[in-house]
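> Pasting in a structure now, in structure tokens, and then I'll have a few things to ask.
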Amino acid sequence: MSSVLTETEGIVAMRSIFVTILILGLAAVNVNGICRMTRRANAFYVKGRDIDNFITGSEGRCSDACATNRLCVAATYRTSDGRCWRHSTLRRTGSGRGWVALKKDASCVKPLSGTVKYGYQKVDSVALKMKLQEIANFFKTTVTVTSGRRSGFDPYHKKGQAADILVKGVGTKKAWDRLRKSGILDKEYYVMYHAPGSRSCSTGTHVHIARYNREWNSGKNTCWIIEGTTTANKCLSYGQHKCL
């Protein structure tokens with residue numbers, strides 16, 4: 001009987017400790033065994049750089065979304081509408097009721113394993129630039145932007161929310177195939193493989209990545225396109241393409 005009482009008392013004590021931690025507003029959260037997030041109630045992160053923001057509907061899903069994203073170092077969750085901000089850099093913390101600040105443990109923040117080279121090319125979409133870095137990390141090599149914001153007929157390049165890229169050491173079609181399977185670009189983008197040769201109206205083979213909206217997320221699935229490999233897909237424009 002005494003051992004049962006001791007075990008019960010131990011459970012009650014552990015619950016009391018956990019409640020006390022929550023009241024203080026600080027708690028260590030294990031996320032799917034992937035990473036440890038530090039929770040701070042009634043606080044939010046400001047003046048840093050955001051990866052994106054979207055409705056998750058729960059604090060746990062917001063925490064997961066940061067923990068599983070290599071570029072994310074912290075997240076802010078707003079309880080009133082379930083919106084989650086993922087941050088790639090931090091500057092300072094604000095305070096207010098109805099907010100939760102979630103910070104990734106230092107051991108989880110890994111150094112970048114890839115590089116994006118822009119040269120003289122400009123990309124205005126912060127969300128796209130973050131995605132290009134994620135792609136470079138995925139391949140663990142250098143991604144070169146051969147064309148960013150430019151004048152012409154392409155509306156996405158014109159707005160600075162498209163980039164033509166080459167992946168060092170990886171063939172263009174192979175890079176397109178691997179990206180399609182990776183899940184990195186599941187939503188929010190047009191991703192077009194421009195083949196070499198006369199059937200393509202592009203200036204050389206590359207992977208074209210255009211974001212539907214400059215920063216905000218629509219939730220729309222990515223459209224994967226192949227251009228210039230057959231007479232049927234010769235010189236495709238946005239209005240002529242068929243998503244694969």
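The values are calculated or read from the model by the stated rules, or taken from the named source; none is laboratory data. What you see is a predicted model; the values in this text were computed from it and never measured. Please note: Cβ atoms are built from the backbone with ideal geometry, for glycine as well, and neighbour counts cover all protein chains shown.
> Taking region 147-170 only, how many residues are surrounded by fewer than 16 Cβ atoms within 10 Å (Cβ to Cβ) and more than 18 Å from residue 188 (Cα to Cα)?
So the answer is 6.
Residue-by-condition table, conditions (1) assigned to a strand (DSSP E or B); (2) touching a residue at least 12 places away in the same chain (Cβ under 8 Å); (3) not polar (S, T, N, Q):
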position	(1), (2), (3)
160	no, yes, yes
175	no, yes, yes
178	no, yes, yes
193	yes, yes, yes
196	no, yes, yes
202	no, yes, no
215	no, yes, yes
232	no, no, yes
244	no, yes, yes
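> Out of the residues in region 73-97 meeting the condition of being of a type in the set (A, V, I, L, M) and touching a helix residue (DSSP H, G or I) at 6+ places or on another chain (Cβ under 9 Å), tell me which one is nearest to residue 108 (Cα to Cα).
Once the filter is applied, the top-ranked residue is 73.
> Anything in region 100-120 that is over 23 Å from residue 56 (Cβ atoms) and part of a strand (DSSP E or B)? List them, or say none.
115, 116, 117
> Scan region 50-99 for residues that are assigned to a strand (DSSP E or B) and either farther than 23 Å from residue 214 by Cα or aliphatic (A, V, I, L, M) (or both) and jot them down.
Listed by number, the residues that qualify are 51, 55, 74, 75, 92, 93, 94, 95, 96, 97, 98, 99.
> So which of 173, 234 ends up being surrounded by fewer than 20 Cβ atoms within 10 Å (Cβ to Cβ) and either in the same structural domain as residue 120 (by TED's automatic domain parsing) or under 18 Å from the mean Cα position of the chain (by Cα) (or both)?
Result of the check over 173, 234: 173.
> Can you name every residue in region 128-148 that is in a loop (DSSP other than H, G, I, E, B) and either under 18 Å from residue 194 (Cα atoms) or of a type in the set (Gly, Ala, Ser) (or both)?
If the condition is that a residue be in a loop (DSSP other than H, G, I, E, B) and either under 18 Å from residue 194 (Cα atoms) or of a type in the set (Gly, Ala, Ser) (or both), then 148 is the only one that fits.
> Which numbered condition trips up residue 123, out of (1) buried (at least 20 other Cβ atoms within 10 Å of the Cβ); (2) outside any loop (DSSP other than H, G, I, E, B); (3) not charged (D, E, K, R)?
(2)
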